[in-house]
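Reviewing the structure listed below.
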Amino acid sequence: RVSDAGPAPRLMPVVVPADANGARGGFLSGRHVYLSQGHGWTWTETSSWQGWRTQRGNNWGAVEDFLNAEAIDQYLLAYLERAGATVWPMREVDMNPHMVIIDDGDGAQNPSQGRYEELGEGFQDSTAPGFQRMEGPLEAGENPLTAGGSRVHYASPLGGAYARWIPQIPAAGRYRVTISWAASDNRTPDAHVIVRHAGGERHLRVDQRRHGNTWVSLGTYAFLLGSDPERGAVEIHTDSEAAPGDSYVSLDAVRFGGGRGLVRRGEGTAASDTPTSERPRYEESCRYAAQFNGAPESVYDYRDADGSDDVVARSRYAAWQHESGEDAIYVSWHTNAPAPGRGTSSYVYGPNGPPSPFSEFSGAPDGDLLAQFLHQEILNDIANGYDASWKDRGLHSAWFGELNPEHNPEMPAALIEVGFHDTEDECLQLQDPKLRNLVARAFYQGIARYFASRDGQEVRLLPEPPRAVRVEALGSERARLSWLPPAADDGGAVFGDAASGFIVYRSVDGQAFDEGTPVGGVTSVELDAPFGKVHYFRVTAV
């Protein structure tokens with residue numbers, strides 16, 4: 001990848017809705033957030049022991065390696081993506097331990113994973129590398145995303161052909177869908193992708209000129225058990241309105257779900273000494289995620305031990321993934337020790353150990369500004385929305401590896417120690433879903449305020465969920481769905497902005513919802529709902 005550390009023009013997001021004229025909605029549209037969940041399962045070797053272990057211990061029913069990852073994966077990721085940001089996590093974010101990968105080279109030859117099909121004429125092999133399914137665990141230095149080949153098809157306004165990846169879903173549930181392609185200057189900037197899921201279909205446009213040979217998210221969807229191309233498939237069509245002459249659509253691999261650890265470390269000579277972690281991949285550290293996501297060995301194997309590698313792999317992976325011209329920041333969510341410490345402290349890079357004065361900041365430009373907005377928002381929201389006695393431990397600098405501009409000079413970076421997992425009552429608070437959601441919203445809002453201040457814009461924040469949603473029968477064929485508008489901030493206390501409209505979603509099973517129907521600013525709608533059937537509704541504010 002070609003990157004630079006200086007000011008860069010704003011580029012469009014990598015993935016945008018197909019009906020949005022090339023622009024993902026939301027205040028954070030065009031911004032990229034590199035998001036670090038911190039620690040995770042890591043292969044460890046000492047003079048007397050070797051095996052997989054977490055980087056932090058078990059404290060009052062929580063392990064920092066998972067505590068912060070869960071808060072990011074379950075809350076913060078959704079806030080940022082719904083606000084329009086393109087998010088690049090440093091670890092796997094899909095908590096589903098099942099995973100299916102279908103490659104352009106599979107055809108119908110891999111029934112346990114699914115099948116790949118090409119419908120229409122004109123498909124051909126590409127000279128560009130692509131994904132290759134590995135036999136057994138990933139070995140040191142292996143890159144599954146460049147070990148194989150890829151396919152192409154000419155892009156045109158009329159289209160007329162498409163490729164299809166049909167998974168064999170091992171268990172009904174929600175799966176994050178990611179896709180890889182071989183990027184180059186002659187790829188189309190608006191490849192037409194359709195995700196067919198259990199609730200309907202979503203049309204997207206992906207820019208295949210950037211972020212090649214890595215996994216790019218298309219969103220999270222519900223899928224049913226088994227194989228059904230109408231309710232479980234990803235398609236790439238060859239129609240393109242923006243493609244220049246001699247432009248091609250790249251066809252490589254599609255992944256469903258997060259899966260379990262795939263990187264071999266050690267020989268696996270004992271039950272506690274297995275060659276792979278055997279844990280859900282979202283629990284593993286960035287060192288292994290970076291390899292699985294296509295980064296070269298120089299990114300994740302930089303030092304002499306996996307634990308030391310992981311610290312800098314986070315920032316090095318962000319710099320590798322980042323493309324020139326993309327407006328990006330790096331944010332890391334941690335918790336602190338030891339007891340009886342309390343409260344939130346925020347860090348930027350500096351030359352000395354923690355906690356050093358904030359004035360010693362020497363990281364990538366604007367990291368200090370980013371940290372100030374995050375720190376202020378998190379402390380304000382906890383005090384006003386959860387615990388007025390929460391302690392402000394201040395802003396500091398430190399030589400933390402994941403903030404070091406030697407590894408990532410390309411974007412502002414900040415690290416937040418939200419609270420103390422080593423102090424019993426505060427650790428129990430950190431496990432409270434209410435606090436996790438509030439802090440995640442504060443992270444998102446702090447990021448939005450940072451960009452607004454930097455660019456001289458008025459910030460726009462996501463609204464809260466609608467309140468008091470209810471449904472009542474109107475005879476035997478109709479129903480009325482109604483709700484109250486969400487709470488809104490009255491001056492910046494905790495909540496987001498007032499809603500400008502609402503979207504109503506429907507489902508037959510409460511899991512797989514359709515793509516939604518915008519209903520404007522009304523707070524009540526009448527719907528078809530025949531008696532004798534179960535009906536599920538969801539209302540979101542926009």
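Among the criteria (1) touching a Gly at 6+ places or on another chain (Cβ under 9 Å); (2) outside any loop (DSSP other than H, G, I, E, B); (3) open to solvent by 10 Å² or more (accessible area, probe 1.4 Å), the one residue 183 does not fulfil is (2). Among the residues of this structure, residue 113 does not count as one that is closer than 25 Å to residue 229 by Cβ and open to solvent by 60 Å² or more (accessible area, probe 1.4 Å).
Taking the conditions (1) modelled with pLDDT under 95; (2) open to solvent by 60 Å² or more (accessible area, probe 1.4 Å); (3) outside any strand (DSSP E or B) in turn, residue 473 satisfies each one other than (3). Scanning segment 225-261 for residues that are open to solvent by 10 Å² or more (accessible area, probe 1.4 Å), in contact with a His (Cβ under 9 Å, 6 or more places away or on another chain) and under 25 Å from residue 515 (Cα atoms) turns up 231, 237, 239.
Scan segment 379-389 and tell me whether some residue there is in contact with a Gly (Cβ under 7 Å, 6 or more places away or on another chain), in a loop (DSSP other than H, G, I, E, B) and surrounded by fewer than 22 Cβ atoms within 10 Å (Cβ to Cβ). Checking segment 379-389: not a single residue is in contact with a Gly (Cβ under 7 Å, 6 or more places away or on another chain), in a loop (DSSP other than H, G, I, E, B) and surrounded by fewer than 22 Cβ atoms within 10 Å (Cβ to Cβ). Scanning segment 96-119 for residues that are closer than 16 Å to residue 292 by Cα and among the hydrophobic types (A, V, I, L, M, F, W, C) returns 99, 100, 101, 102. Out of 61, 84, one residue alone is over 26 Å from residue 263 (Cβ atoms), open to solvent by 60 Å² or more (accessible area, probe 1.4 Å) and within 27 Å of the chain's Cα centre (by Cα). It is 61. Looking only at residues of segment 299-322 that are closer than 21 Å to residue 130 by Cβ and more than 17 Å from the chain's Cα centre (by Cα), we find that the one that is surrounded by the fewest Cβ atoms within 10 Å (Cβ to Cβ) is 299.
Residue 117 meets all of the listed conditions (1) out of contact with any Cys (no Cβ under 9 Å at 6 or more places or on another chain); (2) not in a strand (DSSP E or B) but one, namely (2).
Conditions (1) at pLDDT 95 or above; (2) among the acidic types (Asp, Glu), marked per residue:
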position: 178; (1), (2): yes, no
position: 192; (1), (2): yes, no
position: 232; (1), (2): yes, no
position: 235; (1), (2): yes, yes
position: 243; (1), (2): no, no
position: 252; (1), (2): yes, yes
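Of all residues in segment 503-511, none satisfies being touching a strand residue (DSSP E or B) at 6+ places or on another chain (Cβ under 8 Å), in a loop (DSSP other than H, G, I, E, B), buried (at least 16 other Cβ atoms within 10 Å of the Cβ) and modelled with pLDDT of 95 or more.
Within segment 528-542, the set of residues being buried (at least 16 other Cβ atoms within 10 Å of the Cβ) and part of a strand (DSSP E or B) comprises 537, 538, 539, 540, 541. Only a single criterion out of (1) farther than 30 Å from residue 42 by Cα; (2) of a type in the set (Asp, Glu); (3) open to solvent by 30 Å² or more (accessible area, probe 1.4 Å) is not satisfied by residue 278, namely (1). For segment 433-470, a residue qualifies if it is outside any helix (DSSP H, G or I) and either more than 24 Å from the chain's Cα centre (by Cα) or basic (Lys, Arg) (or both), and the qualifying residues are 456, 457, 458, 460, 466, 467, 468, 469, 470. Filtered by the rule that a residue be part of a loop (DSSP other than H, G, I, E, B) and more than 28 Å from residue 146 (Cα to Cα), segment 293-347 gives 337, 338, 339, 340, 341, 342, 343. Given the criteria under 21 Å from residue 338 (Cβ atoms) and surrounded by 18 or more Cβ atoms within 10 Å (Cβ to Cβ), does residue 374 qualify? Taking the combined requirement at face value, the residue does not satisfy it.
Quick check on this structure: which one of 141, 122 is part of a loop (DSSP other than H, G, I, E, B), open to solvent by less than 40 Å² (accessible area, probe 1.4 Å) and among the small types (Gly, Ala, Ser)? None of the other options fit; the residue is 141.
Within segment 392-410, residues that are touching a residue at least 60 places away in the same chain (Cβ under 8 Å) and among the polar types (S, T, N, Q) reach partners that are open to solvent by 20 Å² or more (accessible area, probe 1.4 Å) and not in a loop (DSSP other than H, G, I, E, B) with beta carbons closer than 7 Å, at six or more positions or on different chains, in the pairs 404/349; 408/316.
Checking 480, 454 one by one, the residue that is under 19 Å from residue 33 (Cα atoms), in contact with a Leu (Cβ under 9 Å, 6 or more places away or on another chain) and open to solvent by 10 Å² or more (accessible area, probe 1.4 Å) is 454 and no other.
Determine whether residue 48 is at pLDDT below 95 and not β-branched (Val, Ile, Thr). Spelling it out, residue 48 is indeed at pLDDT below 95 and not β-branched (Val, Ile, Thr). Please determine whether any residue of segment 413-432 is under 20 Å from the mean Cα position of the chain (by Cα) and surrounded by fewer than 23 Cβ atoms within 10 Å (Cβ to Cβ). No; the residues of segment 413-432 include none that is under 20 Å from the mean Cα position of the chain (by Cα) and surrounded by fewer than 23 Cβ atoms within 10 Å (Cβ to Cβ). Among the residues here, residue 37 does not qualify as polar (S, T, N, Q), over 16 Å from the mean Cα position of the chain (by Cα) and either open to solvent by less than 20 Å² (accessible area, probe 1.4 Å) or at negative phi (or both).
The values are calculated or read from the model by the stated rules, or taken from the named source; none is laboratory data. For clarity, every value in this text was computed on a predicted model and none was experimentally measured. Heads up, the Cβs are rebuilt from the backbone with ideal geometry, glycines too, and the neighbour counts pull from every protein chain shown. Accessible surface is based on the protein model in full, side chains and every heavy atom, while ligands, DNA and RNA are left aside. Shrake-Rupley method; radii C 1.70, N 1.55, O 1.52, S 1.80 Å.
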